[in-house]
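The values are calculated or read from the model by the stated rules, or taken from the named source; none is laboratory data. Just so we're clear, the structure is a prediction, and the values are computed from it rather than from any experiment. Please note: Cβ atoms are built from the backbone with ideal geometry, for glycine as well, and neighbour counts cover all protein chains shown.
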Amino acid sequence: MIVDRCKECGLCINVCPQKVLERGNEFNIYGYRYVSPKYIEKCVGCRLCEYICPDFAIYVEVDGL
Amino acid sequence: MRLEYLTGNHAIAEAAIIAGLKFYAGYPITPSTEIFEYLASKLPTKGGVVLQFEDEIASINAVIGASWAGAKAMTATSGPGFSLMVEALSLAIMTETPLVLAYVMRAGPSTGIATKAGQYDVMQVRWAAHGNYELVVYAPWSVQECLDLTIKAFNVSEMLRVPVILLSDATLAHIWERVVIREPPEVSIVNRKKPKVPRDKYKPYEPEEDLVPPMACFGEGYRVLVESLTHDERGYYKATNEVQRRLVWRLVNKVLKNKHLISDSATYLVDDADYVLIAYGSTARSAYALIRELRSKGIKVGLYRPKLLWPLDEEMLINSTIKAKKVFVVENNVGVYVREISRVLRNKEVISIPIIDIEVPTPDEIFEVMKEWI
Amino acid sequence: MDIIHPLDRYLRTDRLPHIWCPGCGIGIVISAMLRAIDRHISEGHFTQDDVATVSGIGCTARATLYLNFDSAHVIHGRAIPFAIGLKVIKPNLKVIVIGGDGDIAAIGGNHLLHSARRNMDITVIMVNNMVYGMTGGQVAPTTPMKVYTTTTPYGNLEYPLNLIKLVSSLNTNYVARASVTHPHLIERYIYNALSRDGFSFIEVISICPEVFGRHIGFRNPVELFNKLKSMIKFKAKPSIDESDIVWGKEIVLGEYVNEYKSGFIKLLYGS
Amino acid sequence: MRYELLIAGRGGQGILLIGRVLGVAASKYSNLYVTCSESYVAETRGGDSRADLIISNNEEELDFIKVRKADIAIFMHQAQLVKFSSLVKSNGTVYVDETYVSELPSNVGWRVLRASYTKLAEREIGNIRVANMVALGHLIGTTKLINPEAVEMAIDEVVGEEWSELNKKAFRLGLNIGV
C-alpha cells in the first residue's frame, strides 16, 4: 500500500476474492482511513485489487516472480 | 531574388513557404481561400502538409498541435471563421505556441459581404480572445508587404513563442502587384529556441532573460506539458495569486519588453506636416494618394502608417505627429482604431474619418471630410 | 521521482494523489491504459518517448496532468484536432486522446466524427460516466432518459447518444466498449487499439459515484460499481445492434469493429 | 512615368486576361511597378468586367489602388463604355472594339483608336475569344508602353502552353493594326 494515495473508496476490498483487505483505523495525511492487507497470508496474487484501484495506491508483489 | 506578379493572398502563402511553413490547416472562407489553395498546391512539394478540417475550430487547434510537434504552422480565415478560432487563440497565448494566423477581413457584421472589404475587425482581432495578453498584429498595405510582413510574422512568432496575426482585407487579398521575393540567406528566418539543458533539468515554461522559454517539442524526449490551466514553470497547475500574477505579467511583458524587435511603421513627409493622416492596410493607400495630391497643391500633409497595429508603438506615433496641428485617422469602418490613437495623443486634436466603402475609401471621399477641418 | 508502484515510471508521481473523487472510475481506466502501454514498450514496439497523450477539459481530461509522456491538456472538445496536428507532423508518435463523454461526444462530437471518417491514426479513449462531473452533475448526451441531473431537474427527456453505433458507421479501424468493472478488458482493448494504424475508439463505461451515483441513488462507490457490474455482458463478437446502453438492464462490452485498413498517415506519406 | 489604365467590357470578353498579361509583362519582364485590381460580377456572365492598372517605373507612385483618371482605356463593349467613360481623362487614349461599340461621347477630347477586334479575331484567327489579345496588341503597338517581346513572354506564362500560340498570333495581329 502507498497509504497516502488511498482514498478509502473500498473498490479493492469489494473485488478481492480472498478477503485479504480491510479498511484500517488509521488516517493518512489526507484524512482517509486507508486500506490495509490485514490477511495477507490469504493473498493468491490475482492483482484484481491493483487493477481496480483508481489511485495507484495498491500493488501486488508476488515472491519469486 | 526573383520577381513575381501575385495577389495579396498568393504573397502571404508564398511568404509562409519561405519562412519555413510545414503545416497548414484551414476551412475555406472568402476572401482568404486563395491562401489555402495556393499552399495546397505548393506546400506538399516542399515537404509540408496541408489539411482541410471540418471547421475553423479544428483548424487552429490542429495548427497548435502541429506547432508542438515542431512544425511552423499557420491557418487563414476571415471574420466568421476568426470568431470561431478565438478560444484556441487564447490557448496558443497561454501555452506560448508559435503560429501565424492570416486574417483577411471582409465586410460584416455576420456574413456581411463575403467578397468585399472593410476594416471592421481591428478591435476584435486584438480583444476577442479571453484573458489578458498582448497580441502581435501586422497590417500590410501592399502585396509586397503581404509577403514581407508574413515572413516577419513567422519570425516574431518563433522568437517570442506567440501567435501572430497578419491582418489583411478583401481588397488587398485580390489586387495583383509586382513582388520582389528573397529567400534565405537573402532574408533572415528565425527558428524557436530549443532547450539547452537535459530532460531532468528542463522546465517547459521557464523563461530566459528575454522572458521567452526555450521550446521542447513532442517526440524529443523532454516530456513536455502543454497546459491550458494557469501553470508554474514546470507546467503544473497552480491556483494561486503568485503563480497567476507571474504568468500573466510575463505573457504580457514578453511582448512589450521585446517591442523594439517587433515594431514596424512607416511615415511619409511628417517632418514639416501641419496635418498628419493616420491609416493602415489598404485604406492607407488612399490616404497616401491624397497626401501626394495635396502636397502638389502646397498643403503640408503627412502620413503615419502603423504596420504593427498591436501593440501600437506609442513612441513612434507621438514622434511622428509631434508637429502636427491636427491628426486625422482614416479607416474603412465606423471609426474604431481612432480610439487607440486618441488614447495616446490625448493632447492633440484627433479627427476620425470613418468611411465605409466595400472596395476601399477613395482619396476624394477622404478629402470630402478632411477639407472641413483644414 | 520515487518509483514505488509498478506504473510510477509513467506517472508524474510528484503530482499524486490525483484530483479524482474516491471511487471514480477514471483512475481505473488510466491504470489499465498504462499497463497496455507498458506491455507494448516491454515488447519493444515503441518507447515511452514515442507516446503522446492529449486531452481537453473535464475530469477525465485531467489525466494528462499526471502522465509522464509528452502531454497536452488543451481546451474543451478540441483534443482530437490538436492530436491530428501532432500526428501528421510526427507520424512516429503514438497519439492517444483521453476524454470524457462531454469532451469527446458533446462539444467535441464533430471532431470525433471527422477524425473517424478520415481513419486518422490516433487512439481515442472516451471515459463515459454519463454525466458532467467537473461542473457538478449536468446532463450529458450520454445520460440515460428520465435521470435527474442539475440541468434536467424534471428528468432527462433526450435519448442518449450511442457512440459505438456512431463511430462504427464511419470508416474506422477499431471500435470497442469496455467497462471499469472489467479492467483486464480495458487493458486488452487499448493494447489492441495501439497495435494498428488508423482510427481506434474505445468507450469505457465508468462510474461517477459523487455526481451520477448521487443522482441515481448510488452514492457509495462499491454499490454503484456492483450495480454497473450487474448490467455488463461481454461478447466476443457483439453486433452493432446490441450496442445501445439500457441503464439498469444491459450494457454489452466487446470489440465492435476490428479491422486493419490503411490509416490516413499511410495515404499521406506512403508506406 | 506613371500610367493609369482602365480595361472594361462584358464578362466573357477576356478583360481580366488583358490585365493579367499586361501586369506580368510590366512587372516581371519590363522592370516596372504595377497595381492591378480586378472586378467582375461573379453571378452572371455578361455583367461588368473591369481591370484597373497603375503602371509606373517608380514604386512610390503606386498609391491608390484603383484608377482615378485613366490615361489609357480599352472598352470592349458599349455598356461599359457608357458606365465608365467618366473615369477616363479628357485627353486620354481610348481603344474601342467597334464590333460592340458604336457610339462615343462627343464632349471629350479623347484620342480614339478603333478596330473591330472581335470581327478581326474571328476572320483572321478563327476564334473570337482572342479578341482581347488583338486589342492588347493594338494598345502595345501604338503606345509602345511595353516591349512586345515582354508581352509575348507574359502570354506564354499566363495562358499556358495549349493556348499560347493562338493568343500570341492574335496579339501580333493587333500590333500590326494600322501599320
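Quick rundown of the values:
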quantity: Test: residue in segment B:183-193 that is crowded, with 21+ Cβ neighbours inside 10 Å and either hydroxyl-bearing (Ser, Thr, Tyr) or not in a loop (DSSP other than H, G, I, E, B) (or both); calculated: no
quantity: In segment A:11-28, the residues that are among the β-branched types (Val, Ile, Thr) and more than 10 Å from chain C (Cβ to nearest Cβ); calculated: A:VAL20
quantity: Qualifying residue in segment B:27-47 (condition: within 12 Å of chain C (Cβ to nearest Cβ), among the polar types (S, T, N, Q) and touching a helix residue (DSSP H, G or I) at 6+ places or on another chain (Cβ under 8 Å)); calculated: no
quantity: Subset of segment C:89-116 (residues that are among the hydrophobic types (A, V, I, L, M, F, W, C), within 8 Å of chain B (Cβ to nearest Cβ) and crowded, with 24+ Cβ neighbours inside 10 Å); calculated: C:ILE89
quantity: Checklist (1) out of contact with any Asp or Glu (no Cβ under 9 Å at 6 or more places or on another chain); (2) touching a residue at least 40 places away in the same chain (Cβ under 8 Å); (3) surrounded by 24 or more Cβ atoms within 10 Å (Cβ to Cβ) applied to C:PHE82, failing item; calculated: (2)
quantity: Flag if B:MET85 is part of a strand (DSSP E or B), assigned by TED's automatic domain parsing to the domain that holds B:VAL224 and crowded, with 24+ Cβ neighbours inside 10 Å; calculated: no
quantity: Residues located in segment C:217-245, provided they are touching a helix residue (DSSP H, G or I) at 6+ places or on another chain (Cβ under 8 Å) and among the β-branched types (Val, Ile, Thr); calculated: C:VAL222, C:ILE240
quantity: Residue satisfying all of: in segment D:24-59; more than 8 Å from chain B (Cβ to nearest Cβ), assigned to a loop (DSSP other than H, G, I, E, B) and at pLDDT 95 or above; surrounded by the fewest Cβ atoms within 10 Å (Cβ to Cβ) among these; calculated: D:ASN58
quantity: Residue among A:LYS38, A:LYS19 that is in a loop (DSSP other than H, G, I, E, B) and at pLDDT 95 or above; calculated: A:LYS19
quantity: Any hit, segment B:239-258, residues being crowded, with 18+ Cβ neighbours inside 10 Å, away from chain D (no Cβ under 14 Å) and on the phi > 0 side of the Ramachandran plot; calculated: no
quantity: Test: residue in segment B:70-80 that is buried (at least 19 other Cβ atoms within 10 Å of the Cβ), away from chain C (no Cβ under 12 Å) and under 29 Å from B:PRO213 (Cβ atoms); calculated: yes
quantity: Segment D:1-23, subset within 14 Å of chain B (Cβ to nearest Cβ) and in a strand (DSSP E or B), residue surrounded by the fewest Cβ atoms within 10 Å (Cβ to Cβ); calculated: D:ARG2
quantity: Filter result for B:LEU277 (in contact (Cβ under 8 Å) with a residue 24 or more places away in the chain, outside any helix (DSSP H, G or I) and among the hydrophobic types (A, V, I, L, M, F, W, C)); calculated: yes
quantity: Any hit, segment C:98-118, residues being among the β-branched types (Val, Ile, Thr) and in a helix (DSSP H, G or I); calculated: yes
quantity: Test for D:ALA150: is it closer than 16 Å to D:LEU22 by Cβ, touching a Gly at 6+ places or on another chain (Cβ under 8 Å) and part of a helix (DSSP H, G or I); calculated: no
quantity: Residue among D:VAL108, D:VAL130, D:VAL112, D:VAL94 that alone is part of a loop (DSSP other than H, G, I, E, B) and hydrophobic (A, V, I, L, M, F, W, C); calculated: D:VAL108
quantity: Any hit, segment C:170-178, residues being closer than 23 Å to C:SER239 by Cα, in a helix (DSSP H, G or I) and within 14 Å of chain A (Cβ to nearest Cβ); calculated: no
quantity: Out of C:TYR159, C:TYR256, sole residue that is free of Cβ contacts under 8 Å to residues at least 60 places away in the same chain and not β-branched (Val, Ile, Thr); calculated: C:TYR159
quantity: Only one of B:ILE29, B:ILE93 that is assigned to a helix (DSSP H, G or I) and not basic (Lys, Arg); calculated: B:ILE93
quantity: Residues (touching a helix residue (DSSP H, G or I) at 6+ places or on another chain (Cβ under 7 Å) and over 15 Å from B:ARG161 (Cα atoms)) located in segment B:232-263; calculated: B:ASP232, B:TYR236, B:TYR237, B:SER263
quantity: Residue that is away from chain D (no Cβ under 14 Å) and either under 17 Å from B:ARG305 (Cα atoms) or within 23 Å of the chain's Cα centre (by Cα) (or both), where the choices are B:VAL334, B:VAL369; calculated: B:VAL334
quantity: Test set (1) in contact with a strand residue (DSSP E or B) (Cβ under 7 Å, 6 or more places away or on another chain); (2) more than 19 Å from C:GLY23 (Cα to Cα); (3) within 14 Å of chain C (Cβ to nearest Cβ) - A:GLU8 fails condition number; calculated: (2)
quantity: Within segment B:313-328, tally of residues that are surrounded by fewer than 20 Cβ atoms within 10 Å (Cβ to Cβ) and either outside any loop (DSSP other than H, G, I, E, B) or not charged (D, E, K, R) (or both); calculated: 7
quantity: Residues being under 15 Å from the mean Cα position of the chain (by Cα), assigned to a helix (DSSP H, G or I) and at the interface with another protein chain (Cβ under 7 Å from one of its Cβ atoms) - total across segment C:54-86; calculated: 1
quantity: Test: residue in segment B:329-344 that is under 23 Å from D:GLU60 (Cβ atoms), outside any strand (DSSP E or B) and touching a helix residue (DSSP H, G or I) at 6+ places or on another chain (Cβ under 9 Å); calculated: yes
quantity: Of residues in segment C:195-241 being among the small types (Gly, Ala, Ser) and crowded, with 18+ Cβ neighbours inside 10 Å, the one farthest from the other protein chains (Cβ to nearest Cβ); calculated: C:SER200
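Quick grid of which residues meet (1) within 16 Å of C:PHE69 (Cβ to Cβ); (2) touching a Leu at 6+ places or on another chain (Cβ under 7 Å); (3) not acidic (Asp, Glu):
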| position | (1), (2), (3) |
| --- | --- |
| C:ILE3 | yes, no, yes |
| C:PRO6 | no, no, yes |
| C:ARG9 | yes, no, yes |
| C:PRO22 | no, no, yes |
| C:GLY25 | no, no, yes |
| C:ILE28 | no, no, yes |
| C:SER31 | yes, yes, yes |
| C:ARG39 | yes, no, yes |
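Condition check ((1) assigned to a strand (DSSP E or B); (2) acidic (Asp, Glu); (3) in contact with a strand residue (DSSP E or B) (Cβ under 7 Å, 6 or more places away or on another chain)) across all residues:
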residue	(1), (2), (3)
B:VAL137	yes, no, yes
B:ALA153	no, no, yes
B:VAL180	yes, no, yes
B:TYR205	no, no, yes
B:LEU211	no, no, no
